[in-house]
1. 7 Å from Cα along Cα→Cβ at both residue B:102 and residue A:613: what's the point-to-point distance in nm?
2. Taking all protein chains together and a probe of 1.4 Å, list B:55, A:304 from the most accessible to the least accessible.
3. Percent of Cα-Cα pairs per 20 Å bin, from 0 to the last occupied bin, for the protein assembly as shown, please list those.
4. Straight-line reach from residue A:39: which lysines fall under 20 Å, measuring Cα to Cα and dropping same-chain residues less than 8 apart?
5. Over region A:1-138, what is the relative contact order in whole percent, taking alpha-carbon pairs under 8 Å and six or more residues apart?
6. Of A:239, A:199, B:128, which is farthest on the positive side of the dipole of the protein assembly as shown, counting Cα position, with +1 on Lys and Arg Cβ, -1 on Asp and Glu Cβ, and the Cα centre as origin?
7. Note down the relative contact order for chain A as a percent, whole number, built from C-alpha pairs under 8 angstrom at least six residues apart.
8. What does the helix-only formula give at 222 nm for chain A: each DSSP H stretch with n ≥ 4 adding -39500 (n - 2.57), the total divided by the residues, and the result rounded to the nearest 500 deg cm²/dmol?
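The values are calculated or read from the model by the stated rules, or taken from the named source; none is laboratory data. Keep in mind that this is a model prediction, so the values were computed, not measured. When we count neighbours, we look across all protein chains shown, and the Cβ atoms used for this are built from the backbone with ideal geometry, even at glycine. For accessibility, only protein heavy atoms count, side chains too; no ligands or nucleic acids. Shrake-Rupley method; radii C 1.70, N 1.55, O 1.52, S 1.80 Å.
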Amino acid sequence: MNSNFSCKTCASADQKLETFISNLSVDTSHHRMEGQSVKCGFGLQGICCRLCSNGPCRITPDGLKGVCGATADTMVARNFLRAVSAGSGCYIHIVENTALMLKKTALSKGVLKGKVALAKLAEIFEIDETDEYICAEKIADLVLADLYKPDYVKMELVEKMAYKPRFDRWKELGILPGGAKSEVFAGVVKTSTNLNSDPVDMYLNCLKLGISTGLYGLTLTNLLNDVMLGEPSIRLAPVGLRVIDTDYINIMITGHQHAMFAYLQDRLIQDDVIEKAKAVGAKGFKLVGCTCVGQDLQLRGEHYKEVFNGHAGNNFTSEAILATGAIDAVLSEFNCTLPGIEPICDEFKIKQICLDEVSKKANAEMKPFVFEEKETQSNEIIDAVIEAYQARRGAVALNMNADHGNDDTLTGVSEGSLKSFLGGTWKPLIDLIVKGEIKGIAGVVGCSSLTAGGHDVLTVNLVKELIAKDILVLSAGCSSGGLENVGLMSPSAASLAGPKLRAVCESLGIPPVLNFGPCLAIGRLELVATELAEAIGVDLPQLPLVLSAPQWLEEQALADGAFGLALGLPLHLGLPPFVTGSPVAVQVFTQDMLSLTGGQLIIDDNAKSAAETLDAIIEKKRQELNI
Amino acid sequence: MKRIIIDREKCDGCLNCNIACISAHEEGSNFYTVNLQSPDAETRNFIKFDAQQGYLPIFCRHCDEPECVLSCMSGALEKDQLTGHVQYDETKCAACYMCVMNCSYGVLKPDKQTRTKLIKCDFCDDKPDGPSCVKSCPKKAIEVKEVSR
Ligand code: SF4
Ligand code: SF4
Ligand code: SF4
Ligand code: SF4
């Protein structure tokens, strides 16, 4: 908690970070939270509509319908589907870029580091091709062809990728997605003024978007990236503000599209570039991880030991990372790149370059990534960063925090690396679950936010409660950025787990919270869940497995959540996703979903009671499986 | 003695004060869960819109010389000399609504459902953290101030 009474930054689960931020002279999100503490009640309940000039309409005791006659149920559903569509659009943009990148890499016979991932995709897609470039190109083409289908033509890879019982259920429900980009379009049209007013239809539509988002935006983005950038492998790595090394020219990366850095990250450690750095007094270049693309780099860190110094923190740590004064440039290609970094970059003379048109920052240089020009573009970026380094180092005070974070976060966990860690089979994990040594699995995923108690407060507290109940936690997203910085992903965190889980962790030398990296890796969790279900011979909703996005932040998280519900998993959220003004929404999400997909939404901002609810669900599923 | 003081210029008609008031009178509810569609949902403060003057927050003034109290013949309305608040006792109310007619600010109304009791600001029962409406106003258009009478 804040001990400095003169400052009003919000609480953080990360005490060292909280102190660091409360002493900063620059304004951060943590400072702005207080000024935004009064929230609009209509917004929180999702019952404000501004789809036409008769509005904005709000549901009040004296106005139970909008001017057009829209009820609270209609308003909430329209708002929600709009948000899910936008969130899906974000992820589909990412997978589209990634697939294009793979195609171009294949055509130009570029570097393909992930042979295992390539073979795996070829197998799933039923491609029989020995030439790895032709194979990669075919994979990319199949993905792109699906993404670009109209909404009335179903995507073909869904059946190949989805778990059979799930696919069948989705088909029965009529929620198999058409072309993923068109589905976003359909979601936007459906929710425009005086079109759809049927809440149930719109929630089913959300599930459909959840499927396209999950299988393509999440799962495939990971695998396509693995082909280009290498598969994750398990290792211990440093995290937190300590990873920033002032001897180097430091580039902070933010976004979600690791492939955009594929060429640059190799270029930065070539001799001539290092010489350039040395000529201005630095030892070389380092990439400092922030947000999900940093998590992705950390996940594949085994392949990038030289250029990557570690993951410094999640989205709401980005302002603090810059405020150390030791970052010379920010390369951003997507969210979650906060507008709040802009004035800090100005003040600290930090060069900002945006690599994707969709995420231009107001005061940044726009340099849309062009595959064919990556060599010249990278050289231009390097020169611009060197220029910034020269102008600012010495002129900007350093405010380092070598104490923040730790050196032994276990990273690189993926569906592949975890399975090989277990000896190439899921059996050891299944045995531990059956014996009750591990009671169940909780995927604690999604974002970081400053609500629900403060920065990562609910996430960290919930995870502590879950592991104390012998529930193994797998994390993906900015949640993992918070969890790693507070030490929950270090092997020593085993001491916080319940006696059984603790014994398992200690014998294997692993922490009770496994770091799958970026939010995209929610797709990897789905792969793990599916493979476990397959091995046991049950459907996903039967597994002693729960999902939680305790501090979900944005529209993408809602699309992820829709995927979780489509998979039939119980999904906990700390705060409601702006739907509580609609009785139908509450009914659909918390009750009817159980009979639709097997999923269920649980809303609870109290770590203890939420953990108890999730624990009870796991216990119930264990009983139903007779274990 | 505490009163809610209104700064009309600052009000932007967001109605958060309405939600807060309804929530304050729905046991256990919060901004997420308060049921605005319930027949019981009644706000004790009002925002009127006037094309010339903009938004007009209408709140009980807990008047120094309360017309409502003066017009109440059954003793259901009383000015508490200690807190300065004008209090309503439902058990004594005859539902004659003389108070509704006489309130200088038009803030009083009978309840929608039964029309047998008065809907009136209770200053949130003097909760230690202050009136709910004031806490919820993003514009600080309503604030609690200490007054002598
Ligand atoms: S679409 Fe209907 S509810 Fe929305 S602003 Fe217009 S009249 Fe109001
Ligand atoms: S003080 Fe309480 S009862 Fe009175 S108007 Fe404000 S919220 Fe309503
Ligand atoms: S109800 Fe009207 S008259 Fe009575 S105290 Fe309130 S503002 Fe004054
Ligand atoms: S909360 Fe404040 S700004 Fe909003 S309507 Fe009420 S008095 Fe006006």
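1. With each label placed 7 Å out from Cα toward Cβ, I get 5.0 nm.
2. Working: B:55 80, A:304 5 Å².
Final ranking, largest accessible area leading: B:55, A:304.
3. Taking every Cα pair in the protein assembly as shown, the percentages come to 16, 45, 30, 9, 1.
4. Within the straight-line limit of under 20 Å, residue A:39 reaches these lysines: A:8, B:10, B:135, B:139, B:140.
5. Details: 105 pairs, mean separation 16.4, N = 138.
Relative CO of region A:1-138 lands at 12 percent.
6. Farthest along the dipole direction, towards plus: B:128.
7. On the way: 1350 pairs, mean separation 103.9, N = 627.
Normalised by residue count, the contact order of chain A is 17 percent.
8. Working: 27 runs with 286 residues, N = 627.
The helix-only estimate for chain A comes to -13500 deg cm²/dmol at 222 nm.
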